[in-house]
Amino acid sequence: MNKKIIILNGSPRKKGNTAALTAEFTKGAMESGNEVTEFFLDEMNINGCKGCFGGGKNPESPCVQKDDMDKIYPIYQEADIVVLATPLYYWTISGQLKTAFDRLFAVAECDPDYCNPKKDSVLIMAAEGYGFEESEYWYDRLEKHLGWKSLGKILCGGVMDIGDIEGKKELQDVYELGKSIK
């Protein structure tokens with residue numbers, strides 16, 4: 001059965017190393033017959049969560065704030081798999097990804113028990129260095145809390161400048177991960 005996949009790309013570089021990873025993942029996933037929608041969050045108008053607990057009244061537009069999250073909500077709700085893609089910024093995920101992910105709480109507010117929809121997930125990261133521990137900690141705890149299941153993590157260090165990722169084995173790894181989804 002084909003899967004619906006949403007990629008939340010928190011990189012400000014649309015042609016950067018994170019984007020190279022998501023492109024290979026998408027290629028593999030689509031070759032296996034899956035549907036992939038990627039959002040480049042840096043190009044979108046997404047406000048931070050207000051913590052108002054006012055969402056959830058309209059499943060089609062669950063947040064009280066009206067911005068580009070309304071483009072993401074329906075794709076997210078239908079998705080079987082959520083791919084969190086980000087460069088490593090100060091030993092964790094980018095602000096762009098964190099801001100968008102926080103706003104997904106409005107979808108949980110549609111449930112009387114604040115339960116998030118159950119999803120499979122993937123973490124894709126690129127970084128100048130190799131200190132992914134804090135991001136992995138966040139991702140692992142997030143999955144546990146939401147009841148999600150990880151399909152894998154592709155963490156590619158040593159790639160600061162655009163194009164540094166060329167020839168890295170992680171490109172093949174992320175392609176194979178995408179291809180394995182059926």
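The values are calculated or read from the model by the stated rules, or taken from the named source; none is laboratory data. If you're wondering where the values come from, they're calculated on a predicted model, not measured in any experiment. Reconstructed Cβ throughout: ideal geometry from the backbone, glycine too, with neighbour counts over all protein chains shown. Side chains are part of the model used for accessible areas, which takes the heavy atoms of the whole protein and leaves out ligands, DNA and RNA. Shrake-Rupley method; radii C 1.70, N 1.55, O 1.52, S 1.80 Å.
Taken along the Cα-to-beta-carbon direction at a fixed 7 Å, the label points for LYS71 and ARG13 span 2.2 nm. If I fit a long axis through the Cα atoms of helix 69-78 and take the longest principal axis of the Cα atoms of the chain, what angle between them do I get, 0 to 90°, rounded to 10? Roughly 80 degrees, rounded to the nearest 10.
The value of relative contact order for the range 1-74, using C-alpha pairs under 8 Å at least six residues apart, is 31 percent.
Expressed as a whole percent, the accessible area of the chain that falls on carbon and sulfur atoms is 52 (1.4 Å probe). Accessible area per residue for the range 133-182 is 59 Å², calculated with a 1.4 Å probe on protein heavy atoms, without ligands, DNA or RNA.
Over the chain, Cα pairs under 8 Å with separation of 6+ residues give a relative contact order of 32 percent. Histogrammed with a bin width of 10 Å, the alpha carbon distances of the chain distribute as 10, 38, 37, 13, 1 percent, first bin at zero. So, R0 is 22 Å and r is the distance between the beta-carbons of GLU43 and ASP161; what FRET efficiency does that work out to, to 0.05? With a Förster radius of 22 Å, E is 0.55. Only Cα pairs under 8 Å and 6+ residues apart enter the sum, and on that basis the relative contact order of the range 99-181 stands at 30 percent.
Counting only alpha carbon atoms, the long axis of helix 169-180 and the longest principal axis of the chain meet at about 50°.
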